[in-house]
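The values are calculated or read from the model by the stated rules, or taken from the named source; none is laboratory data. Treat the numbers as computed from the prediction; the structure is a model and nothing was measured. No Cβ is skipped: glycine too gets one built from the backbone with ideal geometry, and neighbour counts run over all protein chains shown.
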Amino acid sequence: MIKKAVILAAGEGKRLKPYTETMPKVMIPVANKPIVEYVIDSVFKSGIEEIILIVGYRKETVMEYLREKENITYVTQDKQLGTAHALLYARDYIDEPFIILAGDNIIDDKSVSRLIHSESKFSLMIKEHPLPSKYGVVFLKDNKVERIVEKPLEIESKFISTGIYKFPPMIFDEIEKLTSHGIYDLTSVLQKLISQGIEVDTIVAERWMDIVYPWDILYVNGEMIHDISSSISGSIEKNVTLKGNVSIGRDSRVYAGSYIQGPVVIGEGCEIGPNVCIYPSTVIGDNVVVNSFSEIRNSVIMDEVHIGSNASISNSVIGKGSIINSHFSIISGKAKMEVEGEFKELENIGAIIGEDCDISSHVAIEPGRIIGRRCSIDSFKRVIKDIPSEMKVM
Amino acid sequence: MCGIFGYTGFRNARNVILDCLKKLDYRGYDSAGIGVINKDELKIFKEIGELGLLEKKLPPIDVNIGIGHTRWATHGEVSIKNAHPQVSCNGDIAVVHNGIIENFKKLKEELEEKGHRFISQTDTEVIVHLIEESYKDSLKDAVFSMIKKIKGSYALAVLSTSEPDIIVGARQESPLVVGIGDNENFLTSDITALLKYTNRVIYLEDGEICVLSKNSVDIFNWNGKKIEKEIHIVDWNVEAAEKGGFPHFMLKEIYEQPHSLHQTLRGRISEIERSISFEDKVESLLDSYPKVVSIVACGTSFYAGMIGKYMIEQLSGIPTFLELASEYRYFGVRDKTSLVVAITQSGETADTLGALREAKNSGCNTMVITNVIGSTATRIADAFILTRSGPEIGVAATKTFTSQIVVLFLLALKLSRKTINPDELSRYLSHLRELPRNVRMVLERSEEILKVAEKIKDSKSVFFIGRGVNYPLSLEGALKLKEISYIHAEGFPAGELKHGPFALLTEKTPVIAIVTMDKTYDKMIANIGEVKARHSPVIAIANEKDSEIEKYADYVIRFPSDSNILSCIPIAVILQLLAYHTANLRGCEIDKPRNLAKSVTVE
């Protein structure tokens, strides 16, 4: 029986800026839990007893968040060269077959359990994907991996690698050999093993989700909160309407006249209302304040955000700790987005706002604009361009 | 100050005791020992130095009952003889003890006359000989007879080969907690040591005795009457007492502050209702508007109190006196119209408890700010406010200090109903809400602070200066630096520098100046100028919005804040990181500084 899992949580996730300026990609929240916690929970639920968590970029945020989890050993990868290189850091802790997972992809526990119980010594978890070209594409022959190609130009297979494997401990020797030749990623290591004649079995994942760009945060949160059930731990004043599945955390208060239509998740210690409207699919983090007459639709509001009165927010992501004054309005619509030199056109998108911004009253933002971390925007401004982090709009 | 532990049950007692002593060694770590009963024979193992050395020395033995001790020397030097357990002449009885027996000299003489041979210089040894002297057929009765003769403070665990299935514990002014398991029971100085095994505990009161066996716990009061006690469920998690990947508890606890500050505020403030609320007992104490507030505390809690004094006086105008607990209990003026606020992280600090009892006996209203529910202080005071910081293991207080300040600020706001209007209150509440965020921004600058630590790490002496709340912060900054990095450091009110300390300034004495943009800003700049004129390097801790400071200081560390009072929280975190990085660069034992212990339960 396999007892140990290695989870890679060291990577920065540049395409998820501005959010990853202060936290690694694994800490991006989905329904108020960082992605890595989904992975850890699935792994323990599947019967694994010990996790070796490879941390690196902004590791303190990960360790601080997971402070109450048991049976996790932290190992630091100082330079993030690649997945195989990261795995080498776990070598001292492993002398039996094990599984390895990426800490930045949501995975369900049943799939992990099937991987653990698979008979083959080498297994790879794969997933059908509508856009395989961005991933390692897996070509199959009798359910075994025939070949795996990173971001191929021509696509003949719909399956991609999820980066989840089962390996025997001898893998470390192979990786060591290859890293000395400058090969640092697991896909190449696996391809090398296959070319040496080793058979790699495949298992298809049930639920596997990746967040690549900031707007994926909206989509993945929306998907994940469809599963939630209603639960009210906070206090709800009279004349509040709750429809559909709404979850409200401890010590949160919803004030009179508010209207919340699920699926909606509200974290702990929030203050919402009076007369606030929240529509599907919205996730609100911990310790958030939303003042009266504001409306929020299909958005992700991270922890400690403060929203003034009469705000209108839709199809948007607002980063942790941002303070937004009254009469804020995000215009949602068709927009061309740019991240790290890549472009994407979206049909209906609001704004992507980084952590700890200060936005004064009566600010309006045009569709698809990305505002960096710690920006401050003066009253009555209309934002028509992306704003890099730590800028002042005066 | 020591840690004691007792175990009886189905597990290997040697292993359980060693495991739990590791969690208690913050209470003392100059020597350690364990005593177990193996085949009706008492076996004692002791070693000086850290616990690991004892562990190496211990043979694997299969035992199910035993007691353990980790020592912080008070009476008698650090030696194997003085380490606990202390044993009776016949070698049948063993005792571990935390506290001080005040009349031990007299008792020792009497016992020696009766023929008892003393081996150690400890006060503890009289306990075991007294038990031996009065032992007839019941260990419990012998312990009762012993505690009637001794004066002082104690938490102790006793083991005897005559009754090899029980451990007897007793408590007077030193913490002692019984842990209840299934087919096993525990006795400990601190709950964190047993969280791995159970979360069900009974807090012993002064004068009570407990008798533990594998499957029973009996508690007796001072008169020997058996009593029923409430079993408390502790909701702290085990992992909360583990390092979780961080190299030191101190760093882990520094990083926990955005979370612990949220916990301190949670449910107590409402921005939309514009209100602050505490538990009913606290509310009713504050309703009877005090004429005077006296704050009593020791160490870092004292500096938090000093900041509290500025806050209460500035916001409410109520005169606030600040007293060191060890002085107040003997010399303080106890006015019945005053509200006495004691601050103690552990709720067990002996001097603070003494002061609290004195105040209560004099008819004052008393309140305590503490981190530990069920601690002695919470049971003495009329009302208590929990800081809710979670367990703090690092000897240098960090997250509990910032939470204490926040609680004091809430108190100050509560006492200011007549002096501040709702709009001002609303502004203060939003500043409070921003605190976790401000702290997070400081943590993101840890690398920059590390660079400044490189500049001061080889200094012989470092000065900290500030005005207003930044004066007690200077004292705290200096305390943090000296306690973990062993660099001599002092804090001064910036205006006092020229009245003496100036004489000590050289070009090798870094001066750390805390500068906020309040009415003393120009004065601070002038003070920095005076320091620069003596060629001392100046490190300024300044607001992000301060665009002038670079002209005057050699290095600048920035903090975000819109409040000139609550800026003390992000600044405190900068000072903690500065001390931490400096100590780390110097290779110091950060979580266990020499000669210091976490909660000081001796006077």
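Within region B:182-200, the set of residues being modelled with pLDDT under 90, within 16 Å of B:Thr8 (Cβ to Cβ) and outside any loop (DSSP other than H, G, I, E, B) comprises B:Ala193, B:Arg200. Among the listed residues A:Glu60, A:Glu37, identify the single one that is acidic (Asp, Glu), modelled with pLDDT of 95 or more, out of contact with any Asp or Glu (no Cβ under 9 Å at 6 or more places or on another chain) and not assigned by TED's automatic domain parsing to the domain that holds A:Cys357. Step by step, each of A:Glu60, A:Glu37 is checked, and only A:Glu37 is acidic (Asp, Glu), modelled with pLDDT of 95 or more, out of contact with any Asp or Glu (no Cβ under 9 Å at 6 or more places or on another chain) and not assigned by TED's automatic domain parsing to the domain that holds A:Cys357.
Going residue by residue through region A:194-204, is there one that turns out to be hydroxyl-bearing (Ser, Thr, Tyr) and within 23 Å of A:Val112 (Cβ to Cβ)? Yes, that holds for at least one residue. Remark: pairs (first residue in region B:200-229, outside the structural domain of B:Lys151 (by TED's automatic domain parsing); second residue of a type in the set (Lys, Arg) and at pLDDT 90 or above; Cβ separation under 9 Å; 6+ apart in sequence or on different chains) are absent.
For region B:36-44, the criterion of a residue being charged (D, E, K, R), part of a strand (DSSP E or B) and in the same structural domain as B:Val78 (by TED's automatic domain parsing) is satisfied by at least one position. Looking at this structure, is A:Ile160 on the phi < 0 side of the Ramachandran plot and at pLDDT 90 or above? For A:Ile160, the condition - on the phi < 0 side of the Ramachandran plot and at pLDDT 90 or above - is met. Scanning region B:111-133 for residues that are part of a helix (DSSP H, G or I) and surrounded by 15 or more Cβ atoms within 10 Å (Cβ to Cβ) yields B:Leu111, B:Glu125, B:Val126, B:Ile127, B:Val128, B:His129, B:Leu130, B:Ile131, B:Glu132, B:Glu133. Filtered by the rule that a residue be hydroxyl-bearing (Ser, Thr, Tyr) and crowded, with 22+ Cβ neighbours inside 10 Å, region A:26-43 gives a lone residue, A:Tyr38.
When we screen A:Ile52, A:Ile2 for residues that are surrounded by fewer than 23 Cβ atoms within 10 Å (Cβ to Cβ), without any contact (Cβ under 8 Å) to a residue 60 or more places away in the chain and among the aliphatic types (A, V, I, L, M), the only hit is A:Ile52.
Could you look through region B:218-260, keep only residues that are buried (at least 20 other Cβ atoms within 10 Å of the Cβ) and aliphatic (A, V, I, L, M), and pick out the one that is modelled with the lowest pLDDT? Checked region B:218-260; the qualifying residue modelled with the lowest pLDDT is B:Ala241. Among the residues of region B:486-498, none is identified as part of a helix (DSSP H, G or I), modelled with pLDDT of 85 or more and over 20 Å from B:Ile541 (Cα atoms).
Residues being buried (at least 24 other Cβ atoms within 10 Å of the Cβ) and among the charged types (D, E, K, R) are entirely absent from region A:8-20. B:Ser474 meets the stated requirement of being within 25 Å of the chain's Cα centre (by Cα), within 23 Å of B:Lys532 (Cα to Cα) and either within 13 Å of chain A (Cβ to nearest Cβ) or not charged (D, E, K, R) (or both). One residue alone among A:Gly273, A:Gly285, A:Gly321, A:Gly269 is under 27 Å from A:Gly13 (Cβ atoms) and either within 11 Å of another protein chain (Cβ to nearest Cβ) or in contact with a helix residue (DSSP H, G or I) (Cβ under 7 Å, 6 or more places away or on another chain) (or both), and that residue is A:Gly321.
Screening B:Asn361 against (1) within 21 Å of B:Glu205 (Cβ to Cβ); (2) surrounded by fewer than 21 Cβ atoms within 10 Å (Cβ to Cβ); (3) in contact (Cβ under 8 Å) with a residue 40 or more places away in the chain leaves a single unmet condition, (3). Any idea which of (1) buried (at least 21 other Cβ atoms within 10 Å of the Cβ); (2) away from chain B (no Cβ under 14 Å); (3) among the aromatic types (Phe, Trp, Tyr) is the one A:Tyr255 doesn't satisfy? With respect to (1) buried (at least 21 other Cβ atoms within 10 Å of the Cβ); (2) away from chain B (no Cβ under 14 Å); (3) among the aromatic types (Phe, Trp, Tyr), A:Tyr255 is out only on (2).
Please state which one of B:Leu443, B:Leu505, B:Leu429 is within 26 Å of B:Leu322 (Cα to Cα) and either among the aliphatic types (A, V, I, L, M) or away from chain A (no Cβ under 14 Å) (or both).
B:Leu429
A Cβ distance below 8 Å, combined with a sequence gap of six or more or placement on separate chains, defines the contacts here; from region A:172-183, residues that are of a type in the set (Phe, Trp, Tyr) reach residues that are crowded, with 18+ Cβ neighbours inside 10 Å and not in a helix (DSSP H, G or I) in the pairs A:Phe172/A:Ile94.
Among the criteria (1) more than 14 Å from chain A (Cβ to nearest Cβ); (2) out of contact with any strand residue (DSSP E or B) (no Cβ under 8 Å at 6 or more places or on another chain); (3) among the basic types (Lys, Arg), the one B:Lys482 does not fulfil is (2). Could you tell me whether region A:58-72 includes any residue that is hydrophobic (A, V, I, L, M, F, W, C), free of Cβ contacts under 8 Å to residues at least 40 places away in the same chain, part of a loop (DSSP other than H, G, I, E, B) and within 14 Å of chain B (Cβ to nearest Cβ)? So far as region A:58-72 goes, yes, one or more of its residues are hydrophobic (A, V, I, L, M, F, W, C), free of Cβ contacts under 8 Å to residues at least 40 places away in the same chain, part of a loop (DSSP other than H, G, I, E, B) and within 14 Å of chain B (Cβ to nearest Cβ).
Scanning region B:8-60 for residues that are of a type in the set (Asp, Glu) and touching a Phe, Trp or Tyr at 6+ places or on another chain (Cβ under 8 Å) yields B:Asp30, B:Glu50. If you filter region B:254-267 down to residues that are within 10 Å of chain A (Cβ to nearest Cβ) and in contact with a Ser or Thr (Cβ under 6 Å, 6 or more places away or on another chain), you find that the one that is nearest to B:Lys22 (Cα to Cα) is B:Ile254. Among residues of region A:288-318 being within 14 Å of another protein chain (Cβ to nearest Cβ) and assigned to a strand (DSSP E or B), the one that is surrounded by the fewest Cβ atoms within 10 Å (Cβ to Cβ) is A:Val289.
Of all the listed residues (B:Ala142, B:Ala170), the sole one being closer than 18 Å to B:Gly3 by Cβ and crowded, with 20+ Cβ neighbours inside 10 Å is B:Ala170. When residues in region A:341-385 are screened for being touching a residue at least 40 places away in the same chain (Cβ under 8 Å), surrounded by fewer than 16 Cβ atoms within 10 Å (Cβ to Cβ) and in contact with an Asp or Glu (Cβ under 9 Å, 6 or more places away or on another chain), 1 of them pass. Being within 22 Å of A:Leu178 (Cβ to Cβ), assigned to a helix (DSSP H, G or I), modelled with pLDDT under 95 and of a type in the set (Asp, Glu) is not true of A:Asp78. Take region A:259-301 and flag every residue that is closer than 17 Å to A:Ser314 by Cβ and of a type in the set (Gly, Ala, Ser). Within region A:259-301, A:Gly262, A:Ser281, A:Ser294, A:Ser299 qualify. Selection of first residues in region B:315-327 that are touching a residue at least 60 places away in the same chain (Cβ under 8 Å) and of second residues that are part of a loop (DSSP other than H, G, I, E, B), restricted to Cβ pairs under 6 Å at least 6 apart or on distinct chains, gives the following pairs, ordered by first then second residue: B:Leu315/B:Ser416; B:Ser316/B:Leu415; B:Ser316/B:Ser416; B:Ser316/B:Thr419; B:Gly317/B:Thr419; B:Ile318/B:Leu415.
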